[in-house]
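These notes concern the structure reproduced below.
The values are calculated or read from the model by the stated rules, or taken from the named source; none is laboratory data. Quantities reported herein were computed from a predicted structural model and do not represent experimental measurements. Here the Cβ is made from the backbone with ideal geometry for all residues, glycine too, and neighbour counts use every protein chain on show.
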Amino acid sequence: MKVVVVGGTGLIGKKVVDKLTALGHEAVVASPSRGINSVTGEGLAEALAGAAVVVDVSNTSNWEDRAVLEFFENSTRNLLAHRVGHLVALSIVGLERVSNQGYMRAKLRQEQLIRAGGQPYTIVRATQFAEFAATIANGMTEEGVIRLPQAQLQLIAAEDVADQLVQAALAAPFNGTYDIAGPRKASFEQFVREYLAAQGDPRKVVVDPHQTYFGVPVVADELTPTAEARLGKVDFLDWLAA
């Protein structure tokens with residue numbers, strides 16, 4: 001089966017491509033570096049010809065509100081225009097609860113376009129990746145002190161995200177949305193302390209009820225599933241050890 005992976009050179013996309021290929025499927029890497037641009041449409045028709053499934057894990061490095069919105073709107077509309085039999089899109093757990101931030105609004109808009117597109121689809125919402133632990137710790141460091149929100153995470157390993165996306169791609173369209181998450185829920189503080197311990201990092205950790213998650217106000221369970229989720233297998237401590 002031919003599966004086009006949009007964003008197939010990124011963290012998740014590479015793993016999806018490798019897993020599909022190992023299972024004997026034709027996995028086509030769609031990214032601007034390969035001459036296939038879902039935002040401009042360059043090379044898209046040729047790449048999608050004969051494809052049974054599109055897995056969209058595309059992303060942008062420009063998080064400015066208008067730029068990120070235009071990215072996801074243009075990319076999603078272009079993908080929908082080609083009417084592939086099943087569109088699988090990776091999204092984020094809790095979007096409605098954090099939609100006051102530009103990137104989250106753009107992802108919510110992407111979901112809305114897919115639902116209204118009249119094409120069979122599956123939207124897989126993931127919690128934050130284990131691979132982002134360093135970004136969280138470093139991005140919230142002020143004068144050598146890590147200031148963290150008083151909120152919960154359920155970190156999921158990229159390997160588990162890729163497994164779930166491959167399962168979705170090979171299954172019938174869900175025509176809905178479901179959440180995936182790591183096997184353990186804990187506070188920002190707990191996960192960051194585990195990360196620091198594994199790195200031998202002596203930085204001080206402080207829980208600040210006014211701290212945001214990169215501009216997103218979070219105080220409790222905004223970033224974790226509120227209903228039943230499909231859980232990954234890799235605990236954060238095991239991921240650190242590996």
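Take Asn175 and tell me if it is of a type in the set (S, T, N, Q), more than 20 Å from Lys14 (Cβ to Cβ) and without any contact (Cβ under 8 Å) to a residue 40 or more places away in the chain. Full working, then the answer.
On the way: of a type in the set (S, T, N, Q): yes; more than 20 Å from Lys14 (Cβ to Cβ): yes; without any contact (Cβ under 8 Å) to a residue 40 or more places away in the chain: no.
For Asn175, the condition - of a type in the set (S, T, N, Q), more than 20 Å from Lys14 (Cβ to Cβ) and without any contact (Cβ under 8 Å) to a residue 40 or more places away in the chain - is not met.
Filtering segment 2-46 to residues that are farther than 16 Å from Gln164 by Cβ, part of a loop (DSSP other than H, G, I, E, B), in contact with a Gly (Cβ under 9 Å, 6 or more places away or on another chain) and not hydroxyl-bearing (Ser, Thr, Tyr) leaves Gly35, Ile36, Asn37, Glu42, Gly43. Scanning segment 191-242 for residues that are of a type in the set (Asp, Glu), loosely packed, with under 15 Cβ neighbours inside 10 Å and in a helix (DSSP H, G or I) returns a single hit, Asp238.
Once segment 83-96 is narrowed to residues that are over 16 Å from the mean Cα position of the chain (by Cα) and surrounded by fewer than 18 Cβ atoms within 10 Å (Cβ to Cβ), the residue that is nearest to Gly117 (Cα to Cα) is Arg83. Of all residues in segment 60-76, which are free of Cβ contacts under 8 Å to residues at least 12 places away in the same chain and either within 14 Å of Gly117 (Cα to Cα) or small (Gly, Ala, Ser) (or both)? Scanning segment 60-76 gives Ser61, Ala67. So for segment 47-63 (the condition being in a loop (DSSP other than H, G, I, E, B), buried (at least 17 other Cβ atoms within 10 Å of the Cβ), in contact with a Leu (Cβ under 7 Å, 6 or more places away or on another chain) and at pLDDT 95 or above), does at least one residue qualify? Among the residues of segment 47-63, at least one is in a loop (DSSP other than H, G, I, E, B), buried (at least 17 other Cβ atoms within 10 Å of the Cβ), in contact with a Leu (Cβ under 7 Å, 6 or more places away or on another chain) and at pLDDT 95 or above, which makes the answer yes. Counting the residues of segment 114-131 that are crowded, with 17+ Cβ neighbours inside 10 Å and in a helix (DSSP H, G or I) gives 2.
Do we have Glu228 as out of contact with any Ser or Thr (no Cβ under 7 Å at 6 or more places or on another chain), at pLDDT below 95 and among the acidic types (Asp, Glu) here?
Working: out of contact with any Ser or Thr (no Cβ under 7 Å at 6 or more places or on another chain): yes; at pLDDT below 95: yes; among the acidic types (Asp, Glu): yes.
So Glu228 fits the description; yes.
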